[in-house]
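See structure below.
The values are calculated or read from the model by the stated rules, or taken from the named source; none is laboratory data. Since we're looking at a predicted model, the values are computed, not measured. For neighbour counting, all protein chains shown are included, and Cβ atoms are generated from backbone atoms with ideal geometry for every residue, glycine included.
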Amino acid sequence: MEPVMVPALRSVLAVSGQSCELSLDSERLAWRELRPRRDRSRRTGVCLTRVLQRARGLTDSLSRQLPSGGHSIPVSEIVSVGEAEIDETYHHSMKWEHMCKPHAFTVNYVQRVKNHRWRCKAVTFWCSDEVLCCHWLKALNDLLDHQTCRPKHLLIYINPYGGKKKGKQIYEKKVAPLFNLAGISTDVIVTEFANHARDDLYEVNLEKYDGIVCVGGDGMFSEVLHGLIGRVQKDKDIDHDNPEANLSPCAIRIGIIPAGSTDCVCFATVGINDPVTSALHIILGDSQPLDVCSVHRKKRFLKYTVSLLGYGFYGDVLKCSEKNRWLGPARYDLAGIKTFLSHHCYEGTVSFQAAKWAAGSPRDLTRCMSGCDICRQSSKQLDEHQKAQTLGSLQNEQEDWKTIKGKFMAVNAANMCCACPRSPKGLSPAAHLADGAADLIVVHKCSRLNFLRHLIRHTNKKDQFDFPFVEVHRVKTFQFTPKHFEDEDGDAESTDLRISGKKNFAQICTDHPSCGCNQVNSIWNCDGETLDQTAIEMRVHSQLVKLFARGVEDSKPKNKCSSRI
Ligand SMILES: CCCCCCCCCCCCC/C=C/[C@@H](O)[C@H](COP(=O)(O)O)NC(C)=O
Ligand SMILES: Nc1ncnc2c1ncn2[C@@H]1O[C@H](COP(=O)(O)OP(=O)(O)O)[C@@H](O)[C@H]1O
Ligand SMILES: [Ca+2]
């Protein structure tokens with residue numbers, strides 16, 4: 001966004017009874033105390049009238065007298081500005097009665113606290129007269145009006161049953177007051193059944209809104225994602241059943257207020273699953289493009305996924321966890337242990353096309369952070385690659401397919417790192433949010449101990465791919481076909497099993513005594529939803545949607561933050 005040019009303002013005002021020099025330009029609001037810090041002990045009960053009078057006299061000699069210590073906030077991180085509500089007790093204690101009426105304004109702004117958490121902080125500036133106060137209010141509000149990326153009207157879907165069933169409470173207590181403060185109007189829908197939000201998005205007048213917000217977990221986000229992408233394709237007459245179709249990107253942004261069990265999409269795009277932090281990213285109008293993968297079976301669309309598409313271990317964890325939904329988020333821990341102990345492996349074929357143009361690789365040490373260069377570079381290279389393809393200057397892409405045949409503990413495609421509280425670095429720590437590629441992780445059949453070692457590395461700093469039984473590739477598309485699968489007309493999955501029933505089932509188990517199979521096929525975990533089909537193909541669509549997020553910020557302090565200077 002172009003910075004708006006405003007005449008720089010500089011005045012002496014008071015903050016908490018301390019006279020301060022306040023300055024504003026088109027980028028930042030900054031204030032510094034005028035008196036040295038050692039005076040602070042005598043501050044209680046100070047007559048503010050005197051402070052202001054003295055401060056006025058000091059204005060001319062400011063440049064000489066500035067002590068170190070002060071605050072600076074980017075205008076883009078101011079939540080709202082308004083006339084201050086004068087607290088009567090404070091008013092009297094500060095001997096304001098010397099003046100006929102106090103004039104003050106409050107600036108609400110983003111403050112960074114630990115672990116990528118944001119909070120909304122307020123600071124009140126007391127002015128010597130009404131004209132000065134109005135002047136400042138107008139200047140600040142004019143600047144905020146120029147923050148055109150900020151949403152004014154939002155459509156909110158709340159899943160009252162997600163996670164610990166606190167979605168409604170979280171929204172009402174923590175989020176709605178912030179949206180109010182920022183002057184955002186909302187239409188709120190508390191969902192009444194699964195897919196309520198998805199279906200509603202096909203009908204709703206999207207032009208009324210600057211964003212869609214979901215309150216819930218990854219499953220709820222997935223609903224909104226399907227509703228929005230589906231709606232946009234329908235409006236543009238694009239057939240999503242065609243796996244080759246170039247899908248139309250969605251202009252309207254999606255916000256996630258985390259209130260689910262894993263909250264992986266939120267965690268990986270914001271750095272923390274914290275409702276207040278996410279609400280503030282929405283208010284500031286952040287924008288983070290996100291790749292979306294489509295999953296098809298032949299010419300039939302199945303689902304979209306943005307985080308994990310997993311067969312084997314994560315499919316079985318999901319299947320097992322669904323039976324224990326009443327346990328809330330803990331259902332995944334129980335299911336994880338049970339699935340680990342059952343130690344299944346599954347036979348099949350994985351074929352993939354590498355994302356040759358991608359700037360990074362799954363085992364490098366780069367991480368997708370806010371304003372990621374790898375994402376920028378990769379999407380530029382992808383554009384060039386696609387142009388070259390259209391012009392026919394590239395060799396036949398069909399020759400690029402690579403195939404892995406075998407028995408697998410897990411086949412996972414991670415379109416983003418999939419960080420979540422259970423695994424802070426995620427399934428594929430170097431995966432990128434918007435590079436147009438996904439990381440295909442193939443865990444070959446291995447011993448229980450080795451699989452445990454691989455899993456444990458998701459929770460510590462060691463490389464979970466550094467095992468001879470794990471391979472990882474950055475891909476633009478992949479296909480999976482389970483061994484026990486017959487596909488004549490697209491629907492006869494596992495025909496051999498159905499035809500001869502138990503006999504055949506026993507046959508397969510005795511074929512593979514060592515892998516301990518008691519089931520032939522696993523299922524796919526697609527962002528926390530199960531897929532009915534096992535033979536699938538997946539393709540990445542670069543930057544198909546945008547979120548109200550900015551990627552994970554570098555936690556080292558930088559001058560951009562609202563910080564003491
Ligand atoms: C012995 C220690 C083992 C620790 C292994 C930790 C690996 C954790 C990797 C988690 C990757 C999560 C990817 C996100 C998936 C979500 O879409 C999905 C659904 O989340 P939701 O219930 O909708 O919030 N959650 C799960 C667990 O499948
Ligand atoms: N009102 C509702 N009743 C039942 N299920 C719902 C409702 N609203 C949404 N859902 C479904 O609940 C599932 C889980 O929601 P989610 O918010 O992701 O919670 P969790 O993270 O605990 O799985 C999603 O698949 C979503 O489609
Ligand atoms: Ca990606």
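Observations on the structure shown:
- Restricting region 181-223 to residues that are farther than 15 Å from residue 282 by Cβ and among the β-branched types (Val, Ile, Thr), the residue that is farthest from the chain's Cα centre (by Cα): 204
- Of all residues in region 356-367, one or more are closer than 23 Å to residue 414 by Cβ and more than 24 Å from the chain's Cα centre (by Cα).
- Residue in region 294-311 that is within 14 Å of ligand 1 (Cβ to nearest atom) and over 30 Å from residue 248 (Cβ atoms) present: no
- Of the candidates 234, 319, the single residue that is in a helix (DSSP H, G or I), at pLDDT below 95 and either more than 16 Å from ligand 3 (Cβ to nearest atom) or under 22 Å from residue 550 (Cβ atoms) (or both) is 319.
- Residue under evaluation residue 327, criteria (1) farther than 28 Å from residue 481 by Cα; (2) assigned to a loop (DSSP other than H, G, I, E, B); (3) modelled with pLDDT under 90, criterion not met: (2)
- Test: residue in region 284-304 that is within 14 Å of ligand 2 (Cβ to nearest atom), assigned by TED's automatic domain parsing to the domain that holds residue 455 and either closer than 19 Å to residue 426 by Cβ or modelled with pLDDT of 95 or more (or both): yes
- First in region 429-455 and farther than 12 Å from residue 416 by Cβ, second anywhere and within 16 Å of ligand 2 (Cβ to nearest atom), Cβ under 9 Å, 6 or more apart: 441/310; 455/336
- Tally, over region 402-434, of residues that are out of contact with any strand residue (DSSP E or B) (no Cβ under 7 Å at 6 or more places or on another chain), within 16 Å of ligand 2 (Cβ to nearest atom) and hydrophobic (A, V, I, L, M, F, W, C): 2
- Against the numbered list (1) near ligand 1 (Cβ under 10 Å from one of its atoms); (2) crowded, with 22+ Cβ neighbours inside 10 Å, residue 432 comes up short only at (1).
- Taking region 167-210 as the range and being away from ligand 2 (no atom under 14 Å from the Cβ) and at positive phi as the test, only 183 passes.
- Enumeration of residues in region 289-311 that are surrounded by fewer than 24 Cβ atoms within 10 Å (Cβ to Cβ) and among the polar types (S, T, N, Q): 294
Every residue, every condition in (1) of a type in the set (S, T, N, Q); (2) surrounded by fewer than 23 Cβ atoms within 10 Å (Cβ to Cβ); (3) away from ligand 1 (no atom under 15 Å from the Cβ), yes or no:
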site: 173; (1), (2), (3): no, yes, yes
site: 188; (1), (2), (3): no, yes, yes
site: 224; (1), (2), (3): no, no, no
site: 227; (1), (2), (3): no, no, yes
site: 278; (1), (2), (3): yes, no, no
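- Entirely in region 151-208, the helices (runs of 4 or more DSSP H) that have 1 or more residues that are in contact with a strand residue (DSSP E or B) (Cβ under 6 Å, 6 or more places away or on another chain) and aliphatic (A, V, I, L, M): 176-181, 196-203
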